[in-house]
1. I'd like the full set of residues that are under 15 Å from the mean Cα position of the chain (by Cα) and surrounded by 12 or more Cβ atoms within 10 Å (Cβ to Cβ), limited to region 28-58.
2. Out of the residues in region 83-96 meeting the condition of being assigned to a loop (DSSP other than H, G, I, E, B) and touching a helix residue (DSSP H, G or I) at 6+ places or on another chain (Cβ under 9 Å), tell me which one is surrounded by the most Cβ atoms within 10 Å (Cβ to Cβ).
3. Taking Val73 as the residue in question, decide whether it is surrounded by 13 or more Cβ atoms within 10 Å (Cβ to Cβ) and at pLDDT 95 or above.
Amino acid sequence: MVTGNLDVWIAGLLSRMGIGGNIFCSKAIIRDGYIEEVFSVMDKHAVISQMVMPFVAVGDGNNDAEMIEAAEVGIGYGGVKEIAPAVLECATHLIYNEEKLVYFLEKLL
């Protein structure tokens with residue numbers, strides 16, 4: 001999983017989904033329930049060279065476009081907000097519904 005979100009924000013989700021292993025994300029230090037410091041900001045460009053080909057990428061923002069373009073299957077997802085123009089230009093697929101995204105990803109397995 002590659003996300004610009006902070007590790008402390010996604011930890012519960014990853015646990016519930018049983019996702020471990022290669023997680024690339026921004027990292028922060030929490031003290032007394034508050035973010036004290038963000039000490040690492042995810043650089044998606046740097047991760048692309050570490051990806052095992054082929055891979056699938058899903059995203060909606062301009063910061064996702066380079067990874068979506070590099071992916072064998074690049075999905076622009078517009079279920080939460082509008083898909084950014086850069087993603088619209090490079091995605092191999094555009095999906096606007098969560099259930100359809102899950103169905104499509106399951107078919108790729």
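The values are calculated or read from the model by the stated rules, or taken from the named source; none is laboratory data. Quick caveat, the model's predicted, so the values are computed rather than measured. Here Cβ is always computed from backbone atoms with ideal geometry, including for glycine, and neighbour counts include all displayed protein chains.
1. Met42, Asp43, Lys44, Val47, Ile48, Met51, Phe55, Val56, Ala57, Val58
2. To start, the set of residues in region 83-96 that are assigned to a loop (DSSP other than H, G, I, E, B) comprises 83-84, 91-92, 96.
After this cut, where a residue has to be touching a helix residue (DSSP H, G or I) at 6+ places or on another chain (Cβ under 9 Å) as well, the list is 84, 91-92.
Numbers: Ala84: 18, Ala91: 24, Thr92: 14.
Here the answer is Ala91.
3. On the way: surrounded by 13 or more Cβ atoms within 10 Å (Cβ to Cβ): yes; at pLDDT 95 or above: yes.
Against the criterion (surrounded by 13 or more Cβ atoms within 10 Å (Cβ to Cβ) and at pLDDT 95 or above), Val73 qualifies.
Per-residue answers, yes or no, for (1) polar (S, T, N, Q); (2) under 23 Å from Asp7 (Cβ atoms); (3) assigned to a loop (DSSP other than H, G, I, E, B):
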{"site": "Phe39", "(1), (2), (3)": "no, yes, no"}
{"site": "Met42", "(1), (2), (3)": "no, yes, yes"}
{"site": "Ala46", "(1), (2), (3)": "no, yes, no"}
{"site": "Pro54", "(1), (2), (3)": "no, no, yes"}
{"site": "Met67", "(1), (2), (3)": "no, yes, no"}
{"site": "Gly74", "(1), (2), (3)": "no, no, no"}
{"site": "Val80", "(1), (2), (3)": "no, yes, yes"}
{"site": "Glu106", "(1), (2), (3)": "no, no, no"}
